[in-house]
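Rule-based calculations on the coordinates, nothing more; no lab input. Given the structure is predicted, the values throughout are model-derived calculations rather than measurements. Cβ atoms come from the backbone with ideal geometry, glycine included; neighbour counts cover every protein chain shown.
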Amino acid sequence: MEDYKHFLLLFTLALALGFASIASALTWALRYREGLGWDGGAAEFNWHPLLMVIGFIFLQGIAIVVYRLPWTWRCSKQMMKLIHAGLNVLAFFLAVISVVAVFDFHNAKNIPNMYSLHSWIGLAAVILYPAQIVIGIAVYLIPVTPVYVRAALMPIHIYSGLFIFTSGIATALMGITEKLIFSLKSPGYKDSPPEAVLVNVLGLLIVAFGGLVLWIATRPSWKRPKEGDAQTVSYNSSSPGNVKMARTDQESSLEARRRNGKAEESG
Ligand code: ASC
């Protein structure tokens, strides 16, 4: 129970930080920059940070921890895999729109593409992401791959997912820093005008959100219990008493895992 409260506290904090990041990115575009539009101008560029924060950072972060939400343990594993994949696919589409916005803006203004470290790391992450999604769907969502192959690939799937997510955060920090240096002239970035402070805070919020997602995703005792998987579908459709029983099973399996100090290798 203590562990559940601890999870809930950190997950709620992560959600709050995620929403605050999105609100800061929106405030940056609407209040300090040229707003949002699709005209080849600055308003089109402004979709780039906003959609990346919503998709590549917030939605991808939630997709990473979605299996750990205890109230989803009564849903079938297949359903949770669909939600995990769906959130990642949605995040990827938002990232693609966001990249199109920035290329459009550069081309309209004759600004070169792909010269900065931000763009190199960012494009690498945006290319690796669909590879991760397609391999994930082929191996885990479509029930053809043998279990031993799934198990062998799981540490790689988990590692590469966290790597892409973390690279996205590093890319966002580079991107917002270069944007502040480029666009704040007088007063400049070094003079700390309100826009610079807001966007520095946006960077802090993103780092804190990412840090919490990584913490939640790497606690072995917060993993979705394996034992309930086959049974959950039938618990689902039956009476609330049975659901309660399923949860009790899961709680005791968590207790057992904690007592054993056993860190499982797969998700
Ligand atoms: C899956 C799934 C898991 C893992 C496991 C191998 O498809 O639901 O929990 O792969 O079977 O690690």
- [ ] Would you check segment 8-224 for Lys pairs whose C-alpha atoms are within less than 22 Å, ignoring same-chain pairs closer than 8 in sequence, and give me the count?
- [x] 5
Task: Potential extension, residue 170-residue 121 segment - 0.36 nm per residue separation minus Cα distance - done: 16.8 nm
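Fewest Cβ neighbours within 10 Å first, please rank 180, 202 accordingly.
Working: 180 19, 202 23.
Result, fewest neighbours first: 180, 202.
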TODO: Please give the contour-minus-distance gain from residue 219 to residue 201: 0.36 nm per residue of separation, less the Cα-Cα distance, rounded to one decimal in nm.
DONE: 3.8 nm
- [ ] Please give the contour-minus-distance gain from residue 30 to residue 82: 0.36 nm per residue of separation, less the Cα-Cα distance, rounded to one decimal in nm.
- [x] 15.3 nm
Task: Inter-probe distance in nm under a simple model that places probes 7 Å from Cα toward Cβ, at residue 138 and residue 163 - done: 1.7 nm
Task: Theoretical FRET efficiency, 1/(1+(r/R0)^6), r = Cβ-Cβ of residue 150 and residue 128, R0 30 Å, to 0.05 - done: 0.90
